[in-house]
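Remarks on the structure that follows.
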Amino acid sequence: MQGTELVTLVKTQVIPICIFLIMMGMGLSLVPNDFKRVAKAPKAVSIGLLNQLIFLPLIGFTLATVMPLEPEYAVGVMLLVVCPGGTTSNMFSHLAKGDVALSVTMTAVASVITVFTIPVVLNFSLNHFMGQGSELQLPIVATMFSLMKLTIIPIAIGMLIKAFVPKLAASSQVHVSKFGILFLTLLIIFLTYIQQDIVIPALIATGPVALLLNISTMALGYYSSKWLKLSPAQTTSITIEVGLQNSTLSMFMALTLLANYKMSFTPAIYTLIMLFTAGVLVKTLQLKFHSAQKKI
């Protein structure tokens, strides 16, 4: 198989199948009550979703506008902020002793809502950063259906498996989370390999904005939860959920729907930063938890 054919295979077959499996893995942890939690615990869920769906895109748009970025990298920022949550944030929430149920609920609800918001916000971003009349435009309805096939349908399948084969769902969840991290790592390696000539310039160009975006969004999640008097566990989950984006889906859209490698670099570099900062946060909270346990 020639190099071009391999790249095409990865973009059109491997990436969509892997995203489908990862989203199905999210469904394996969901039950209908997770969606009902929006009504049962509206304060925490509303704060988290408001941060994810409103303030996160606003912060991303502001940074993409004021930072000296090439148009493709600026669109890459917007690709990130329209794809909140993911299985990675749920896993880190668990490790950090956060409110995992809240994290899962936010991820599930946001995944459904963003199917309809992503094409609209992304087309606005393409017009704004690439210029009016840009050939890079997404057909809104077709894009919604594509995202449904990669998010809502696999999540629903995962929920059905959990409902009818709960033991299989329980035993598969951990493996799916690990697979998600592994696939994300391999995807970044793949991008680095096929675009190795622009990796260093891309890192220099997008590294600062990716770092600022990650720090500012995690700070947003933390302080908004603190000020509105949520519990420590809820604050932890919202901080992680707002700071960790579904960068796998972001890169998929850049590589397949938009067919633009440069747009995928901002999500790729952001991934490295968010995994590092989330890891530091988890370690800090774990040490704090163990210290508190010793005092008891």
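Using Cβ counts within 10 Å as a stand-in for footprinting exposure, how do Tyr261, Tyr73, Tyr223 rank, fewest first?
Least crowded to most crowded, the residues run Tyr223, Tyr261, Tyr73.
Can you tell me how much longer the chain between Thr4 and Thr62 gets when fully stretched, taken as 0.36 nm per residue apart minus their C-alpha distance, in nm with one decimal?
17.2 nm
List the lysines whose Cα sits under 16 Å from the Cα of Lys178, skipping any in the same chain fewer than 8 residues away.
none
Greater than 19 Å separation of Cα atoms is the criterion. Which listed pairs, Lys97/Lys288; Lys40/Lys97; Lys11/Lys262, meet it?
Among Lys97/Lys288; Lys40/Lys97; Lys11/Lys262, the Cα-Cα distance tops 19 Å for Lys40/Lys97.
What residues qualify as long-range amide H neighbours of Gln245, i.e. H under 5 Å apart, gap of 5 or more or another chain, H built at 1.01 Å from N?
Residues meeting the criterion, in which the H sits 1.01 Å from N, do not exist here.
By count of other Cβ within 10 Å, fewest leading, how are Val45, Val209, Val7 ordered?
The most exposed by this proxy come first: Val7, Val45, Val209.
Of Phe129, Phe35, how do they rank once you tally other Cβ atoms within 10 Å and put the fewest first?
Going from least to most buried by this count: Phe35, Phe129.
Quick one: helix 15-27 against the long Cα principal axis of the chain, what's the angle to the nearest 10°, folded into 0 to 90?
The angle comes out near 20 degrees.
Could you calculate the contour length gain from Gln195 to Val120, that is, 0.36 nm times the residue separation minus the distance between their Cα atoms, to one decimal place in nm?
24.1 nm
Got a sec? Charge dipole of the chain, +1 on Cβ for Lys and Arg, -1 for Asp and Glu; which of Phe252, Val7, Asn33 is way out at the positive end?
Asn33
Residues of the range 226-245 with the amide nitrogen closer than 19 Å to a label point 7 Å from the Cα of Phe276, along Cα-to-Cβ, please.
Only 240, 243-245 fall inside the zone, counting backbone N under 19 Å.
With r as the distance between the Cβ atoms of Val174 and Tyr223 and R0 = 41 Å, compute the FRET efficiency 1/(1 + (r/R0)^6) and round to 0.05.
About 0.80, to the nearest 0.05.
Would you mind working out the magnitude of the charge dipole of the range 3-289 relative to its Cα centre, with +1 at each Lys and Arg C-beta and -1 at each Asp and Glu C-beta, to the nearest 20 Debye?
Roughly 1120 debye, rounded to the nearest 20.
Which whole-angstrom value gives the distance between the alpha carbon centres of the range 19-76 and the range 90-139?
5 Å
Readers should treat all values here as calculations from the given coordinates under stated rules, not as data from a laboratory. Note that the structure is predicted; figures quoted are calculated from it, not measured. Because the Cβ atoms are built from the backbone with ideal geometry, glycine has one as well, and the counts that use them run over all protein chains shown.
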